[in-house]
Amino acid sequence: MRRIVYVTTEQALGADTASALRELVDRQEIVDTLHRFAFGRDLHDRALFESAFTADAEFDFRPAATKCGLEVPLFEGIEMIAAIVLDPRLHTTHSVTNTRVSVDGDTASLSAIVEAQHLPADDHSRHALLKNLYAATLVRDGQRWRIKHVRIDNVWYTGDPQVIVGG
């Protein structure tokens, strides 16, 4: 008679290895959160975009906007964030790089450099290209991580920043 024995990940790999594996998975999921935001925006995929945020998230684009000569409010709540950021009048591409992650239980910090190209949907002869620093606080939501707060600051930009606000 064959006996089936079930073991936990910790038993199979050892507690230290299982802990390290869990941290690696968390770190990858945290970075994926920023990719879900960027790709959701670029594809105009609201469900993918919203999967990156908590319902009560804060999206603070004010530091970057100020450097570009724009004035915007703090975007609060996923409904407001999605309504403004997913503006169908814009075509965008976002490239995420230099990600850094710090995990502390069910919260995490993420920083990254994001290059964002913005083009009016009806006039690709105009653009605003921004190189931004993202600093985000995330929370665990089951197996996923979601952005609770993100602050976006600008390093440099080229083009016409009015494109970003639909001008």
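The values are calculated or read from the model by the stated rules, or taken from the named source; none is laboratory data. Quick caveat: nothing in here was measured; it's all calculated off a predicted structure. Here the Cβ is made from the backbone with ideal geometry for all residues, glycine too, and neighbour counts use every protein chain on show. Only protein heavy atoms, including side chains, enter the accessible area calculation; ligands, DNA and RNA are left aside. Shrake-Rupley method; radii C 1.70, N 1.55, O 1.52, S 1.80 Å.
Per residue, how large is the accessible surface of the chain? Use a 1.4 angstrom probe and give square angstrom.
Values: 9420 Å² over 167 residues.
With all protein chains present, the chain gives 56 Å² per residue.
Legend: residues T92, T97, sorted from most to least accessible area (1.4 Å probe; ligands, DNA and RNA excluded), read T97, T92. Neighbours of V101 by Cβ distance under 12 Å: Lys/Arg scored +1, Asp/Glu scored -1, total -3.
Around T158, under 13 Å between beta carbons, what's the net of Lys plus Arg minus Asp minus Glu among the other residues?
+1
The C-alpha atoms of the chain define a longest principal axis, and helix 15-43 lies at about 30 degrees to it.
Of the heavy-atom accessible surface of the chain (probe 1.4 angstrom), what whole percent is carbon and sulfur? Don't jump to the answer; show the numbers that get you there.
Values: 4960 of 9420 Å².
C and S fraction of accessible area: 53 percent.
Residue-normalised convex hull volume from the C-alpha trace of the chain: 132 Å³ per residue.
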